[in-house]
Amino acid sequence: MKFDKLVRECINQIPPYVPGKPIEEVQRELGLSTAIKMASNENPLGFSNEVRQAITAAMGQLPLYPDANQYYLKEALAKELGVTPEHLLIGNGSDEVNKILGETILNPQDEVIIPQPTFSQYEYITVLMGAKPVFVSGTTLGNDLQAMRSAVTSKTKMIFICNPNNPTGTIVTRDELVAFLRSIPEDIVVVVDEAYSDFATDPDYPDGIQLLQEGFKNVVVYRTFSKIHGLAGIRLGYAVADPGLIKQMLKVKEPFNVNLLAQVAGIAALNSKEHIMLSKELVKQSRAEFYRELDRLKLSYLPTEANFILIDCGRDSAEIYHYLLQNGIIVRATHSFGLPTCIRVTFGTVEQNQQFFKVFKEALEKLAG
């Protein structure tokens, strides 16, 4: 039976997501005793002791269904962000939040503006709903707001802005974003994905939640516990939006979409101020180290406001990626982003960063020419 004839037409247009292999499987396949994963923008410090204690204490509650409304987590998050619980939709990672929003507002033939290169899940939800992705490369990597504004038509329903952008780590400034929002019709939803906002230090970096509070009611902000809080494995993300839109999104949300341990961990993570501070400081130090080493190597890179960096190897990066992999360093090749000469590297601990550069320099020397 040919199931491609059975499914909705748009499903055949979605490329299957190819996840990275577990680090243990990479070690087994390549005969490595250790491997360092610097591919998925995870926090090398892991999660806090407060989170560990909270999860341990909650284990006895696992026979019970989680709170479908995430009451205590919403209360804690609302207090932290300076919003009301009615501004919040919490999901099984920001991927689910993105899917809920798309399922709530997108119709077939709606147009969705997606900058290039950027996070693949924006295209996924657009195609899943039968809408039309409008890709905008512009004159720079990532968010070219002027080019994106020019792409708006009467069919435009949603616009994505990843800020800082993945995989480039670059940002749009507050003035640029405000000017853009003022030029966009109010019935177009503008998603500002701030998954990496905790790492941004540029004084001109905008706070999407503040813009929402200033009257841009068509703004939807995504944030996540996967990055600075070190909770990628537990899946926890959220949207901040006008309560009127959140009310509609809640109709789409599955009743028990956020598990019990994720809710407990999220509350504890918000209170883990020392862990947050240490994580930010590590990224700050790593940036300086990478800039210094890459300048010595005379390689191009993009200054980053995230916890990763995009490095241009000056040649097809596939061989360099595989050399790193075979020597226990897992990074992200960016061919799928349309950047075949680059790799994206997540900042690690001091020791991990040093090991990366040791192997990276070997790769550049051995594969030269």
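No value in this document is a laboratory result; all are computed from the given coordinates. Bear in mind that the values here come from a model prediction, so they are computed numbers and not experimental data. Every residue, glycine among them, receives a Cβ derived from its backbone with ideal geometry; neighbour counts consider all protein chains shown.
Under DSSP H, which helices of the chain have Cα atoms covering 30 Å or more of the helix axis and a Kyte-Doolittle average no less than -1.0?
Sorted by number, the helices that extend far enough and score high enough are 273-297.
Counting Lys and Arg as +1 and Asp and Glu as -1, each charge on the Cβ, what is the dipole of region 10-98 about the Cα centre in debye, to the nearest 20?
Dipole about the Cα centre, nearest 20: 180 debye.
Based on C-alpha coordinates, I'd like the Rg and Dmax of region 292-351, in Å.
11.3, 31
Lysines within cross-link reach of Lys217: Cα-Cα under 26 Å, excluding same-chain residues under 8 positions apart?
Cross-link targets: Lys74, Lys79, Lys99, Lys132, Lys155, Lys157, Lys247, Lys251, Lys253.
Where both partners of a DSSP beta bridge lie in the chain, what percent of those bridges are antiparallel, to the nearest 5?
If we restrict to bridges inside the chain, about 50 percent are antiparallel.
So how far, in whole Å, is the C-alpha centre of region 28-92 from the one of region 346-366?
About 29 Å separates the Cα centre of region 28-92 from the one of region 346-366.
Give the Rg/Rh ratio for the chain, taking Rg as the radius of gyration of the Cα atoms and Rh as the Kirkwood radius, to two decimals.
0.96
Roughly how far apart, in whole Å, are the Cα centres of region 284-322 and region 117-145?
Here the two parts' Cα centres lie 25 Å apart.
Among DSSP beta bridges lying fully in region 46-179, give the percent that are antiparallel, nearest 5.
10 percent
Mind checking the alpha-carbon convex hull of region 76-138 and giving the volume per residue in Å³?
108 Å³
To make sure I understand, if each residue's beta carbon is the centre and we count other beta carbons within 10 Å, what order do Glu351, Glu176 fall in, fewest to most?
So the ranking, lowest neighbour count to highest, is Glu351, Glu176.
Tell me what the chain gives for mean residue ellipticity at 222 nm when only DSSP H runs of n ≥ 4 count, each as -39,500 (n - 2.57), the sum divided by the residue total, rounded to 500 deg cm²/dmol.
Roughly -12000 deg cm²/dmol at 222 nm, from the helical runs in the chain.
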